[in-house]
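Worksheet: the structure to be examined is printed underneath.
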């Protein structure tokens, strides 16, 4: 009788050992913070197909990227990583503890409940944006003007007081390294105490952001307040107070705060659109400030306010209007303002109504007016 063949147990043990090894590797990655814990929301990108075997699983674990991106989408079938913005922001410090200027968290906010580009998808009482975190709206509408909601995702803040005991210092507080992009921030709840709608307490940036306040107002309200430790850089910034009140202020700097604003519109018709109450520097580039019944720009301390191509009517405290340097200007797409040496007659072509300032002119040949023709003749010295 032939002896029975006894199969070695090794082959049946190998798959078990491989699975245990993979689980051990995954556990180590979770402990080191490279992979999120099991109860964390899934991160993109995900495998294009399930890793059915060990080599595929190994390839995915060793080559997949896990970007620091969080999606917020309320009510949609996908729902994003979070349905509420406050939950997403609250989870960031524990999920991404190693944030730095070069390792930021991006929070993409989708208007998933939109019936129209201007309907309200998100509402919070107060919010605080963690350090090195960017909130970026992904609007459903086309790009529009500085007051258009369609070009931004709307977020309504319903807090009523930011100075009571236990209250936050602002409805929306931006820590150092916080950024806002494509957002329409609205406060419409009548305040029960003084309110700061947005407060900057570190280095923050705003891009294509509108801060709007409406409703009955009996308390002081600052739309955008930069504290003594704050630094602000903003592009296409809108500040809107659409109910008249002398208690409103638009952009306010305190202490040693500094700010630079590039483009935008400030509409605070019965308050103070811009005020520097501290010792820092505020620079306004190409900002339109609608006339106020109080004063458009106010310097109430030793700080400075400098304007470049900024449209405003009244000021107090001393404002520095920086000179505009250019070879020529065209007004209403027709009349030109030019300068140079020598007579313009027979040299410079311009339409009727143009002016020429002669740098080497005399008492009667410093100003020339174009009175006839469209060519280089027809200049009259004045």
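We did not get these values from a lab; they are worked out from the coordinates using the rules stated. Because the structure is predicted, anything quoted here is derived from the model rather than measured. All Cβ positions, even for glycine, are placed from backbone atoms using ideal geometry, and neighbour counts span all protein chains on display.
A few notes on this one:
- Ordering 301-310, 161-170, 260-269 by mean Cβ neighbour count within 10 Å, with the highest value first, yields 260-269, 301-310, 161-170.
- The range 271-382 - convex hull of the alpha-carbon atoms, volume per residue in Å³: 137
- One chain, two ends: residue 260 and residue 347. Fully extended at 0.36 nm per residue, the span grows by 27.2 nm beyond their Cα-Cα distance.
- With the simple model of a label 7 Å out from the Cα in the direction of the Cβ, residue 339 to residue 24 spans 7.8 nm.
- Extension reserve of the residue 330-residue 100 stretch, reckoned as 0.36 nm per residue once the Cα distance is removed: 78.2 nm
- Efficiency of FRET between residue 125 and residue 229 - r from beta-carbon atoms, R0 25 angstrom, step 0.05: 0.55
- Using equal-weight Cα scatterers in the Debye expression, the normalised intensity of the range 328-381 in log10 at q = 0.15, 0.22, 0.27, 0.32 Å⁻¹ is -0.33, -0.71, -1.04, -1.34.
- Gap separating the Cα centres of the range 311-325 and the range 234-255, nearest whole Å: 18
- Averaging 1/r over every pair of different alpha carbons in the range 69-321 and inverting the result gives a Kirkwood radius of 18.2 Å.
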